[in-house]
Amino acid sequence: MAAIGRAFEVMQEIENQASKRIPSSLTSRINQAAGRGSIPVSADFFEMIKKSLEYSRLTEGAFDITIGAVTELYHFEDGQGTLPDPSAIRQKLPLVGYQQIQLDEERRTVGLGRPGAMIDLGGIAKGFAVNKAVESLKESGIKAGIVNAGGDIRLFGYKPGHKLWRIGIQHPRKPDQVIASLEITDQSIVTSGDYERFFIRGGVRYHHILDPKTGYPARGCQSVTIVSETATDAMSAGIFVLGPEKGMALIERLPQIEGLIIDREGKAFVSSGLRSRLVWRDSH
Amino acid sequence: MFPLAFDQGWFGGIAIKVFRRLTWGDRILILLLMLISLGSFFFLPARGKNGRVIIQAEQGIIGLYSLDSPRRVISVSGPLGSSRVEIGGGRVRMLSSPCPNQVCTKAGWIEQQGQMICCVPNQVLIRIVGDESKENESSLHLDGVTR
């Protein structure tokens, strides 16, 4: 039980450092210092920023934590949401760009080049926390387990009777149904969907996965599920932005990840390595 | 109908003669057997509606569907090509198959728990299991949902 408590502490610590809603968090301090200087950060936080840059490069900027300055305009967190004025989006868009992130490995500091720029770690912190929690559980000698942070899931070891874990994939348009399931262990499975945080204005769905190039919600997909060794919600979000064709091409190019993409029409695309593992359900 | 047919024609005559030669023990035994066979109808699996279709291919289970779902056609790829399974209205059949003998498509519709259609050449198996069957329950159980 102590091991589980420690794993929760590890996750809480990452949340405390990464949350933009906590004024004293590292994220808030980096944002406040944007264009003026760098902030010393913890080893975990530094690693998280480095990872996010990796994913930005892999997805050619489709995943970008500096989207923060634009995300803020939508007020997704208040449950209502605001449709920003197009001029406000145009004004903030030049503040987006992962190339401006300044990392100093020796002094372990993080800074932003442009004044007014903001990072938002919402697309990577959950998966990062899940990975750290699994590491912590393994270090405590736990042989098998499941860590589930709001649908970002990582599994290790077997269930009693040497059984695999069975995970369902949420149907993007039927909230209480799964579209498919699969058996899995020693891997993670994460999903980015347009149904998680959104509001509807004039019959149009505005969701929280913004395209860093336009500042508007990405329109190609309803959901993207990624199966990989470690939890990579940044990858599912980036591929969501890339859309079904480019996204699937990237999945197939990377040997260590597999995925399921549900496009805007509800059509399912499955990567070659996942095809034989999915069990489709009624709602498919 | 039965008592009427009994005293008509040559069969009726033989039947009456046989019946007269039976002892009371034989008659009770016959009655009991008739009751048991009639009563066993109540223990037959329920027909249609509340079953679940399991479709299996080479690699294992590929789909779980409710038998009473609206009409749908599911494509299953096998070593010979694509087999198409049609589910709807409480029954299921192999709609088309790339196999040479078409044994599976000729089997027609199945609708009762325990029934199955097997296409050996293309390695596709369609089975109907009860909603309460152990296999159904264990295949529906989820340890988590990614969303």
**Request:** Quote to one decimal, in nm, the extra length available between A:Gln177 and A:His75 on full extension: 0.36 nm per residue of separation minus the C-alpha distance between them.
**Result:** 33.9 nm
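Please report A:Asp176, A:Asp104, A:Asp282, B:Asp131 as a ranked list, fewest other C-beta atoms within 10 angstrom at the top and most at the bottom. Walk me through the intermediate numbers first.
Working: A:Asp176 8, A:Asp104 12, A:Asp282 18, B:Asp131 15.
Neighbour counts put them in this order, fewest first: A:Asp176, A:Asp104, B:Asp131, A:Asp282.
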**Message:** Once you place label points 7 Å from the Cα toward the Cβ at A:Arg21 and B:Glu58, how far apart are they in nm?
**Reply:** 4.9 nm
**Asked** How large is the dipole of segment A:149-280 about the Cα centre if only Lys and Arg carry +1 and Asp and Glu carry -1, each at its Cβ, rounded to the nearest 20 debye?
**Response** 260 debye
**Prompt:** What's the FRET efficiency of A:Lys50 with B:Leu95 using the Cβ-Cβ distance as r and R₀ = 56 Å, to the nearest 0.05?
**Reply:** 0.60
**Prompt:** Between A:Ala34 and residues 5 or more places away or on another chain, which pairs have amide H atoms under 5 Å apart, with H built 1.01 Å from N, and which residues are they?
**Reply:** A:Gly116
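Take chain A, mark every one of the GluC sites (Glu not before Pro) that falls in a DSSP loop and has at most 14 other Cβ within 10 Å, then report the longest stretch left between them, sites excluded.
The longest uninterrupted stretch comes out as A:107-228.
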**Request:** Give the residue from A:Ala129, A:Leu103, A:Ile146 lying farthest towards the positive end of the charge dipole for segment A:100-229; charges sit on Cβ (+1 for Lys and Arg, -1 for Asp and Glu) and the dipole is referred to the Cα centre.
**Result:** A:Ile146
**Estimated FRET transfer efficiency (A:Arg36, A:Lys138; beta-carbon r; R0 41 Å; 0.05)** = 0.55
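Counting other C-beta atoms within 10 Å, and keeping those with at most 16, which DSSP coil chymotrypsin sites (Phe, Trp or Tyr not before Pro) do you find in segment A:58-167?
Numbers: sites: A:Phe63, A:Tyr74, A:Phe76, A:Tyr98, A:Phe128, A:Phe156, A:Tyr158, A:Trp165; in loops: A:Phe63, A:Tyr158.
Answer in residue order: A:Tyr158.
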**Prompt:** Treating the beta-carbon of each Lys and Arg as +1 and of each Asp and Glu as -1, no other charges, what is the dipole magnitude of the protein assembly as shown about its Cα centre, to the nearest 20 debye?
**Reply:** 1220 debye
**Complete:** On the formula 1/(1 + (r/R0)^6), with r taken between the Cβ atoms of B:Arg21 and B:Glu111 and R0 of 45 Å, the FRET efficiency rounded to 0.05 is 0.50
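Computed from the coordinates by the stated procedures, all read-outs in this text should not be read as laboratory data. What you see is a predicted model; the values in this text were computed from it and never measured. With ideal geometry, Cβ positions are generated from the backbone for all residues, glycine too; neighbour counts draw on all protein chains shown.
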